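Novice: Once you've had a glance at the structure underneath, I'll fire off some questions.
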C-alpha cells in the first residue's frame, strides 16, 4: 500500500526489506544468536545476518526443521556460517542447558535476537507452571539473556565493539490487560483472554529491554538493549484464530508486510551503524517509534524485572 513507502528518519520505510536495510554492512567477525529461527521472520533474520557475514547460531525447538533451514541458507550462500542448538523457550531447564552449552563452546556473542514467540494460544501452562505465552515470549528470553550476559560483556570488552540485544515485541503490546502485567493473576484461567495475554507478553518484552538498558548503562557496559515491532505480517502466528487467519490469507498481501519486510527492523537494530549508542528504545519500520504509556512506565519495568528474577531463581 502507498503508506508502506513513507520513509522515516532512518531513510527506510515499512516496505524496506531486511536485505535492503543491511546493504553494504559487513558483519564479519560478529556472532549472533537468533531464537525461533525455523519460521517466519526468524528464518529471514538468520539468513540476512548470515548473508552479511555474521556467524549465526539458531536457537530452535525443531532440529529437523532447523537442518532444512540451514541447508537452504547454505545452498544460496555457501560461505554462510550458521549453526543450530536445541532451545525450548517455554522450559527453563532447556534455556539453562542451551546457555550452558553456548557459554562453554568458546564462541563470542555480539548480538542476541530474542525473536521466538507464540501468539494467542488457548490457555495452557508451561513445564514450569506458568501461562504459556508469558513463559515462552518473556520469561524464557529473560532467563536466556541473563545467562548469556557475561559472555556478551566479555565479548564487548575484548573486541571493543558494542553488543546488541534485540527483543522482538509487537504493536499488540499496546493492548495488554488494563493493568499491564497481571503479576498476581498470571495463571488465572478464568480471566484469561488469549489476545490480551499475548499483548501482556509483548509488553513484557519492551519493559525488559528498557530495564535491561538502564542496568547496562549504570554498569557502563557497551551493550545496548532495544525492542522492535516487526509490524503486521502474514505468518503462522494466527493459526489459533481461524477468522483472523482467513482474513490474512484473503487480504494479507494487500495490507500486511511480507516476511522480508517484517524482518527488516530486527536486522536494522541488530546490525546498522545508525543504531550505535541507542539503548532502551522502541523501533518500528526501522525508525524510533513511540511505545505505549505502560511500556514507558519505569516502575512497572522495575517491578517486572524483580518478578521475573524471582521466577527464574525460585
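The values are calculated or read from the model by the stated rules, or taken from the named source; none is laboratory data. Here the structure is a predicted model, which means the values were calculated and not measured. All Cβ positions, even for glycine, are placed from backbone atoms using ideal geometry, and neighbour counts span all protein chains on display.
Novice: For the range 295-312, state whether one or more residues are part of a loop (DSSP other than H, G, I, E, B) and within 20 Å of the chain's Cα centre (by Cα).
Specialist: yes
Novice: Can you pull out every residue in the range 286-313 that is in contact with a strand residue (DSSP E or B) (Cβ under 6 Å, 6 or more places away or on another chain) and within 15 Å of residue 8 (Cβ to Cβ)?
Specialist: Residue satisfying the conditions is 289 alone.
Novice: Restricting to the range 31-58, give me the number of residues that are surrounded by fewer than 24 Cβ atoms within 10 Å (Cβ to Cβ) and on the phi > 0 side of the Ramachandran plot.
Specialist: 2
Novice: For residues that are in contact (Cβ under 8 Å) with a residue 24 or more places away in the chain and touching a strand residue (DSSP E or B) at 6+ places or on another chain (Cβ under 9 Å), tally how many sit in the range 63-87.
Specialist: Residues meeting the conditions: 11.
Novice: Also, I was wondering about something else. Can you tell me how many residues within the range 182-203 are part of a helix (DSSP H, G or I) and in contact with a strand residue (DSSP E or B) (Cβ under 9 Å, 6 or more places away or on another chain)? I'd like the intermediate steps shown before the answer.
Specialist: Within the range 182-203, the subset part of a helix (DSSP H, G or I) is 194-203.
Next cut, in contact with a strand residue (DSSP E or B) (Cβ under 9 Å, 6 or more places away or on another chain) only: 196-197, 199-203.
The qualifying residues number 7.
Novice: How many residues, within the range 127-163, are touching a helix residue (DSSP H, G or I) at 6+ places or on another chain (Cβ under 8 Å), surrounded by 20 or more Cβ atoms within 10 Å (Cβ to Cβ) and over 23 Å from residue 90 (Cα atoms)?
Specialist: Residues that pass the stated criteria total 1.
Okay, residues lined up against (1) without any contact (Cβ under 8 Å) to a residue 24 or more places away in the chain; (2) under 15 Å from residue 170 (Cβ atoms); (3) touching a helix residue (DSSP H, G or I) at 6+ places or on another chain (Cβ under 8 Å):
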residue: 269; (1), (2), (3): no, yes, yes
residue: 273; (1), (2), (3): no, no, no
residue: 276; (1), (2), (3): no, no, no
residue: 280; (1), (2), (3): no, no, yes
residue: 287; (1), (2), (3): no, no, no
residue: 292; (1), (2), (3): no, yes, yes
residue: 295; (1), (2), (3): no, yes, yes
residue: 299; (1), (2), (3): yes, no, no
residue: 303; (1), (2), (3): no, no, no
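Novice: Looking at the range 207-214, is at least one residue at pLDDT 95 or above and part of a loop (DSSP other than H, G, I, E, B)?
Specialist: No; the residues of the range 207-214 include none that is at pLDDT 95 or above and part of a loop (DSSP other than H, G, I, E, B).
Novice: Filter the range 215-252 down to residues that are outside any helix (DSSP H, G or I) and more than 17 Å from residue 170 (Cα to Cα) and give me whichever is modelled with the lowest pLDDT.
Specialist: Here is the first cut: in the range 215-252, the ones outside any helix (DSSP H, G or I) are 220-235, 241.
Then keep just the ones that are more than 17 Å from residue 170 (Cα to Cα); that gives 220-224, 241.
Details: 220: 95, 221: 94, 222: 97, 223: 98, 224: 98, 241: 50.
Filtering first and then ranking leaves 241.
Novice: When the residues of the range 88-114 are filtered to those that are out of contact with any strand residue (DSSP E or B) (no Cβ under 6 Å at 6 or more places or on another chain) and closer than 26 Å to residue 26 by Cβ, which remaining residue is surrounded by the fewest Cβ atoms within 10 Å (Cβ to Cβ)?
Specialist: 106
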